[in-house]
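Participant: This is the structure I want to talk about, given as structure tokens.
The values are calculated or read from the model by the stated rules, or taken from the named source; none is laboratory data. Predicted model, so just to flag it, every value in this text is computed and none were measured. Cβ placement follows ideal geometry from the backbone for every residue including glycine, while neighbour counts extend to all protein chains displayed.
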Amino acid sequence: MSRVRTLLRHAGAVFACIALVWAFVSQAHAKVENDMVYLGAAISLTGKYSTNGAHTQRGYDLAIERINAEGGVIVDGKTYKLAIIYYDDESTPARGAQLAERLIQQDGVTFILGPYSSGLTRAMAPIIEKYGIPMVEANGASISLFEEGYKYLFAVLSTTEQYLQGAVALAAQTAGDGEGLRVALAMENDPFSQDVRTGVIADAEHHGMRVIIDDKLPPDLSDLAATLAKVRVLKPDLLVVSGHAKGAALAIRQIADGRVDVPMLALTHCDAAQIIEKFGEKAEYALCASQWAPGLSYSDPLFGSASDFATLFEETYGYAPPYQAAESAAAVMVFADAFERAGTFDTLAVRDALSATDLMTFYGRIDFDEAGRNIAKPMVLYQVQDGKFRVVYPAEFAEAPFRHPTPRWADR
Amino acid sequence: MLDNLQLLFSYPVLGADLIANGLMIGSIFALAAFGMALVWGVLGIINIAQGEFVMLGGFVALTAAEFGVPPLATIPIAAAGLFVIGWGLYRLVIFRIVDRDLFVSLLATFGLSIVLQQLSNEVFGADVQTLETGLGTLYLLDGQIVLPEIKLVAFGTALIVGLLLWAFLKRARLGQAIRATAQNARAARILGIDTDRVYAATFALNAALCGAAGSLVVMAWTIHPYIGLPYTVRSFLVVVVAGLGNIIAVIAAGLGLGALENLAGFILGTEYQIAFVFVAMVVILVVRNWVLRRKREYLK
């Protein structure tokens, strides 16, 4: 019996050594086989983020397909094709962290594309940092991700505090002077929406506005009645609601059903909540924050213009691309560009190339600051006009004039 | 908090509005709580998957509406659909945990709730869903109280279902069998009641009640695969306060909880709304215990 046990113990030690050596070896070299470069990604294919996880994956896939169809990336005179190793993180941060380890340790991946959501990005960031593996992410917008001093994390999207700053600026602009405008906030009590809140409050104060309602909505939000009762009597000039797709859906539904009159309503996640399809006329006049829109005037040699990307995406997947897909495609383009400029797959060289990125894409300009945030692309604001999303802010991208104020329900 | 109170005093009608809206959502809690009280009382199981039944009811109603069923007619369809699902789940899982340790039933129904969440996520997608009824809005007191008609429908449905359930348990053969089994399962069995069938019917009836609640939720609010927990927690709370045997008490507790919660959400701020619910539960349990003890002493 004891011999068996000793044998087992020895076998265990040998295995541990092999694993260690293998891990070391695989870490030293990028996952490049023949002319294929492998990127890794843990994405929410199941669980509560599965819809947005699918948008993310399709964005990645479409960019890979385009880049390979155009001949791939040229690194040090040799042409390589790109491929992605995917795992399903089940929408849980703990699983995301495990999969980051797995991608790096077992699959030997040395370049990682980000997951969906700030929460999962936050779970994976310390791990890629520990191993010195560059990650370009497209769906983690929380400002707190960029306050940790991470060196290997790069984000192509605008950070959360900018989401609804446009709404405040637009309110000030419309009134001629923001002084004395009254703002009501209903923000979910989670990191994302609280970041949005911070940005809105800072800007509102800057414009001399007053915050008269500042409600934090519970994460298992199912009813906005208490907040809307306050809105009804206090009559703010601007109501800002942020609570992911369910917050947007509840806001539109309950504001319409309860006949709550607000001159200006600004939301996040309108497209995820499909407010136009689901609520029709009730959604009219709502303002929605967006990272990107197909009507923007950006373009690049790979996809062409923003609307070309939208057409290609719709032909391929059968629905109009949400911004989550567009920014995901842009993340792959950033990696391809960095490989070519670095001229090697050495992780450190690629990291340095990433941080020097200055790339124009169909999604907007991408230029990372010290912390890895993209500071070159503004957020845009849509307004629901006649059953369509139309960009109304910033002025240089506006497709239609901003309709203000929202008429009273009695007059609609 | 103080400015919220001040607001309430300067606009007293606001309080009425909050309470009215709270009563409406409270009626949904009561509907789900009827079922929980039944299953708890008869099978001795605390069903953690209660909220998932509500969620499934919403999705069944949505699916029916996609096939062209008018929105309000989806209420009985959701109830019927969930009755079948409830019966199936009893035959598959629940019969194994009747008469077992409470911990086992908690664990089993918790597992069930996760499975139902993930399955509906697979089948219906993770998106937030809602069903348009086309109903209007009711204005009371010169338009100072605004009530969406669909919420009134929810309120009325909950009251009617409560009454029907009460009559069913009192008068119907199966209702009497359910009560007999709840009082003493062994004696009921000796007297010729097929208790296994009674258990199955009770569990299916519970699911049907939740199904009806779910169809109302999808029409008046929104649903998505992960919305179950608040409904489980609220129905648990209502049952704890109202006790197992009293349908009128369940209605009263449900409505009271809804109204109080809404008022608390307004006064303390929405972030404390759920904290308030739990504090209320602790206070009620302590007070009840104290009252019961006094009663016992008096009896001595």
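Participant: Quick check on region A:39-76: of everything there that is of a type in the set (S, T, Y) and at pLDDT 95 or above, which residue is farthest from A:S305 (Cα to Cα)?
Facilitator: Step by step, filter region A:39-76, then rank; the result is A:T56.
Participant: Give the residues of region A:360-377 that are touching a residue at least 24 places away in the same chain (Cβ under 8 Å) and among the aliphatic types (A, V, I, L, M), sorted by residue number.
Facilitator: The answer is A:M360, A:I366, A:A371.
Participant: Within region B:6-35, which residues are in a helix (DSSP H, G or I) and over 26 Å from the mean Cα position of the chain (by Cα)?
Facilitator: First pass over region B:6-35, keeping only residues in a helix (DSSP H, G or I): B:6-10, B:12-35.
Result: B:Q6, B:L7, B:L8, B:F9, B:S10, B:P12, B:V13, B:L14.
Participant: Given the condition outside any loop (DSSP other than H, G, I, E, B), within 14 Å of another protein chain (Cβ to nearest Cβ) and without any contact (Cβ under 8 Å) to a residue 12 or more places away in the chain, answer yes or no: does some residue in region A:124-146 qualify? Step through it out loud before you land on a result.
Facilitator: First, the residues of region A:124-146 that are outside any loop (DSSP other than H, G, I, E, B): A:124-131, A:135-137, A:143-146.
Checking the rest, the ones that are also within 14 Å of another protein chain (Cβ to nearest Cβ) come to none.
Looking for residues that are outside any loop (DSSP other than H, G, I, E, B), within 14 Å of another protein chain (Cβ to nearest Cβ) and without any contact (Cβ under 8 Å) to a residue 12 or more places away in the chain, one finds none in region A:124-146, hence no.
Participant: If you don't mind, there's one more thing I want to ask. Sort through A:V350, A:V334 and tell me the only one that's within 19 Å of the chain's Cα centre (by Cα), assigned by TED's automatic domain parsing to the domain that holds A:D35 and assigned to a helix (DSSP H, G or I). Before the answer, list the steps.
Facilitator: On the way: A:V350 fails: within 19 Å of the chain's Cα centre (by Cα).
The unique qualifying residue is A:V334.
Participant: If you don't mind, there's one more thing I want to ask. Do the conditions hold for A:Y319, that is, is it under 27 Å from A:R197 (Cβ atoms) and outside the structural domain of A:L170 (by TED's automatic domain parsing)?
Facilitator: So A:Y319 fails the test.
Participant: Can I ask one more? Within region B:183-195, is there a residue that is assigned to a loop (DSSP other than H, G, I, E, B) and of a type in the set (A, V, I, L, M)? Let's see the steps before the verdict.
Facilitator: We begin by selecting, within region B:183-195, every residue assigned to a loop (DSSP other than H, G, I, E, B); these are B:184, B:191-194.
This time we only want the ones that are of a type in the set (A, V, I, L, M), so: B:191, B:193.
Yes, there is a match, as at least one residue in region B:183-195 is assigned to a loop (DSSP other than H, G, I, E, B) and of a type in the set (A, V, I, L, M).
Participant: Determine whether region A:347-354 contains at least one residue that is crowded, with 24+ Cβ neighbours inside 10 Å, within 30 Å of A:Q173 (Cβ to Cβ), touching a helix residue (DSSP H, G or I) at 6+ places or on another chain (Cβ under 9 Å) and at pLDDT 95 or above.
Facilitator: No, there is no match, as no residue in region A:347-354 is crowded, with 24+ Cβ neighbours inside 10 Å, within 30 Å of A:Q173 (Cβ to Cβ), touching a helix residue (DSSP H, G or I) at 6+ places or on another chain (Cβ under 9 Å) and at pLDDT 95 or above.
Participant: If I ask for residues that are surrounded by fewer than 20 Cβ atoms within 10 Å (Cβ to Cβ), touching a helix residue (DSSP H, G or I) at 6+ places or on another chain (Cβ under 9 Å) and either in a helix (DSSP H, G or I) or not assigned by TED's automatic domain parsing to the domain that holds A:T347 (or both), which ones from region A:151-187 would you list?
Facilitator: From region A:151-187, those surrounded by fewer than 20 Cβ atoms within 10 Å (Cβ to Cβ) are A:151, A:169, A:173-177, A:179-180, A:182; that's our starting set.
Within this subset, residues satisfying the condition of being touching a helix residue (DSSP H, G or I) at 6+ places or on another chain (Cβ under 9 Å) are A:151, A:169, A:173, A:179, A:182.
Passing the criteria: A:A169, A:Q173, A:E179, A:R182.
Participant: If you check A:L82 against the conditions, is it among the hydrophobic types (A, V, I, L, M, F, W, C), assigned to a strand (DSSP E or B) and crowded, with 17+ Cβ neighbours inside 10 Å?
Facilitator: On the way: among the hydrophobic types (A, V, I, L, M, F, W, C): yes; assigned to a strand (DSSP E or B): yes; crowded, with 17+ Cβ neighbours inside 10 Å: yes.
So A:L82 passes the test.
Participant: Give the residue, chosen from B:V115, B:V104, B:V146, B:V84, that is within 14 Å of chain A (Cβ to nearest Cβ) and part of a helix (DSSP H, G or I). Show your work before the answer.
Facilitator: Working: B:V104 fails: within 14 Å of chain A (Cβ to nearest Cβ); B:V146 fails: part of a helix (DSSP H, G or I); B:V84 fails: within 14 Å of chain A (Cβ to nearest Cβ).
On inspection, the qualifying residue turns out to be B:V115.
Participant: Quick one: which helices (runs of 4 or more DSSP H) sit completely within region B:200-300 and have at least 2 residues that are buried (at least 24 other Cβ atoms within 10 Å of the Cβ), at pLDDT 90 or above and away from every other protein chain (no Cβ under 14 Å)?
Facilitator: Working: elements: B:228-242, B:247-268, B:273-299.
In region B:200-300, the matching helices (runs of 4 or more DSSP H) lie at B:228-242, B:247-268.
Here's the yes/no breakdown for (1) within 12 Å of chain B (Cβ to nearest Cβ); (2) within 25 Å of the chain's Cα centre (by Cα); (3) touching a residue at least 60 places away in the same chain (Cβ under 8 Å):
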{"residue": "A:G178", "(1), (2), (3)": "no, no, no"}
{"residue": "A:L185", "(1), (2), (3)": "yes, yes, no"}
{"residue": "A:D190", "(1), (2), (3)": "yes, yes, no"}
{"residue": "A:D203", "(1), (2), (3)": "no, yes, no"}
{"residue": "A:M209", "(1), (2), (3)": "no, no, no"}
{"residue": "A:L234", "(1), (2), (3)": "yes, no, no"}
{"residue": "A:A245", "(1), (2), (3)": "yes, yes, no"}
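Participant: Restricting to region A:189-209, name every residue that is in contact with a Pro (Cβ under 9 Å, 6 or more places away or on another chain) and either among the charged types (D, E, K, R) or not assigned by TED's automatic domain parsing to the domain that holds A:G247 (or both).
Facilitator: Narrowing region A:189-209 to residues in contact with a Pro (Cβ under 9 Å, 6 or more places away or on another chain): A:189-190.
Result: A:D190, single match.
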